[in-house]
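Trainee: My questions will all concern the structure given below.
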Amino acid sequence: MFRHQKGQSRLGIAHSQQLDQNALYLSKVTLNKKISSLFLVLFCLDKYTKEIESVPLLKARSLIPLTLLLTWGTTAALFPQQAADPDPNRFAKAIADFEESDKKNPFPKGGIVFVGSSSIRRLDIPSVFPGLKALNRGFGGSQISDVNHFIEETVLKYEPGITVLFCGGNDLWARKPSLQVLEDFKQFTAKLFERAPDGKLLVLAARPSPKRHSIIETELAFNYLVEMEALKDDRITYIRGSCDRYFDEKGNFYMDLFADDLLHMSDAGYKIWNEILTPHLKQ
């Protein structure tokens, strides 16, 4: 569908340190959670391995990191480690601007709310989704822990019928273990459904990019963890196309889907969001 520029930005190798942290984070939960999380990682790796095998460029580079993650996961209790959350107050002005906007243009409860990091903030809803009545509450650079901190101001106060979340990539880039980010995601869903039990959540998969190609395998692994979590609740829909529509079967990025910074999406990239989200945005 899209023009592919050969030889540019092939998917990179895994971060061994990140994989190490993913496994080590198992030791931060209770024994039952450790066992549950380990089985989740094993299941994730089974699917993840099949995905890697379909991309020749990644196949040879992934065997050792996968083996290490599997090994470290069984001995994680010996080496507890967790990445610190950044200070959410760095977004105080953005949140204050949202509150000021609400005073001038109140948004009705039960509607559609987009929330998350910069790809949400940069989203021009009227242009990408013509005729859709929805609220944009994205704030650039945010991690899921930040969204959780401001979830009342950005999501819960509207008691949305549909929430669209795109977040997690910044967390992984900051070297947070995937399992730690998954726990943050689970906190988000728990808070959301406590306030809006009949609402629906659309989760856009973490999108690899040429700018951050070195963490591609970590992003794929995280996506599978989120996908498995989504399968537990009919109210959650995992949108896989937010990941795999941006590169081909050989691991080459479709460069025209990315902005000049090679991190965010171009207009063509946002058209993908229109295609994959529109069928789920009907209330």
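Trainee: Scan the helices (runs of 4 or more DSSP H) fully inside the range 86-141 and keep the ones with 3 or more residues being open to solvent by 30 Å² or more (accessible area, probe 1.4 Å), within 24 Å of residue 184 (Cβ to Cβ) and without any contact (Cβ under 8 Å) to a residue 12 or more places away in the chain.
Mentor: On the way: elements: 92-104, 118-121, 125-128.
Hits in the range 86-141: 92-104.
Trainee: A further question follows. Going by what's in this entry, would residue 186 be described as surrounded by fewer than 21 Cβ atoms within 10 Å (Cβ to Cβ) and either of a type in the set (Ser, Thr, Tyr) or outside any loop (DSSP other than H, G, I, E, B) (or both)?
Mentor: Working: surrounded by fewer than 21 Cβ atoms within 10 Å (Cβ to Cβ): yes; either of a type in the set (Ser, Thr, Tyr) or outside any loop (DSSP other than H, G, I, E, B) (or both): yes.
Spelling it out, residue 186 is indeed surrounded by fewer than 21 Cβ atoms within 10 Å (Cβ to Cβ) and either of a type in the set (Ser, Thr, Tyr) or outside any loop (DSSP other than H, G, I, E, B) (or both).
Trainee: Same structure, new question: Examine the range 164-171 for a residue that is closer than 21 Å to residue 283 by Cβ, touching a Leu at 6+ places or on another chain (Cβ under 6 Å) and not small (Gly, Ala, Ser), and state whether such a residue exists. Outline the logic, then answer.
Mentor: Residues of the range 164-171 closer than 21 Å to residue 283 by Cβ: 164-166.
Okay, now just the ones that are also touching a Leu at 6+ places or on another chain (Cβ under 6 Å), so 164, 166.
Next, only the ones that are not small (Gly, Ala, Ser) stay: 164, 166.
Among the residues of the range 164-171, at least one is closer than 21 Å to residue 283 by Cβ, touching a Leu at 6+ places or on another chain (Cβ under 6 Å) and not small (Gly, Ala, Ser), which makes the answer yes.
Trainee: Further, regarding this structure: Answer yes or no as to whether residue 214 is open to solvent by 10 Å² or more (accessible area, probe 1.4 Å) and over 30 Å from residue 107 (Cα atoms). Lay out the reasoning, then the answer.
Mentor: Details: open to solvent by 10 Å² or more (accessible area, probe 1.4 Å): yes; over 30 Å from residue 107 (Cα atoms): yes.
So residue 214 passes the test.
Trainee: Assess whether residue 151 counts as being among the β-branched types (Val, Ile, Thr), farther than 26 Å from residue 275 by Cβ and touching a residue at least 12 places away in the same chain (Cβ under 8 Å).
Mentor: yes
Trainee: Output the number of residues of the range 217-236 satisfying the condition of being touching a residue at least 24 places away in the same chain (Cβ under 8 Å) and farther than 19 Å from residue 184 by Cβ.
Mentor: Matching residues across the range 217-236 total 1.
Trainee: Looking only at the range 147-169, filter to residues that are assigned to a helix (DSSP H, G or I) and open to solvent by 30 Å² or more (accessible area, probe 1.4 Å); which one of those is farthest from residue 219 (Cα to Cα)?
Mentor: As a first pass, look at the range 147-169 and keep what is assigned to a helix (DSSP H, G or I): 147-149, 151-154, 156-158, 169.
Those still in the list that are open to solvent by 30 Å² or more (accessible area, probe 1.4 Å) too: 149, 152-153, 157.
Values: 149: 23, 152: 27, 153: 28, 157: 30 Å.
Checked the range 147-169; the qualifying residue farthest from residue 219 (Cα to Cα) is 157.
Trainee: If you don't mind, there's one more thing I want to ask. Could you please give the count of residues in the range 243-282 that are farther than 17 Å from residue 213 by Cβ and assigned to a helix (DSSP H, G or I)?
Mentor: Number satisfying all stated conditions: 13.
The values are calculated or read from the model by the stated rules, or taken from the named source; none is laboratory data. As the structure is a prediction and not an experimental result, all values here were calculated from the model. Neighbour counts run over all protein chains shown; Cβ positions are idealised from the backbone, glycine included. Calculation scope for accessible area: heavy atoms of the full protein, side chains included, ligands and nucleic acids excluded. Shrake-Rupley method; radii C 1.70, N 1.55, O 1.52, S 1.80 Å.
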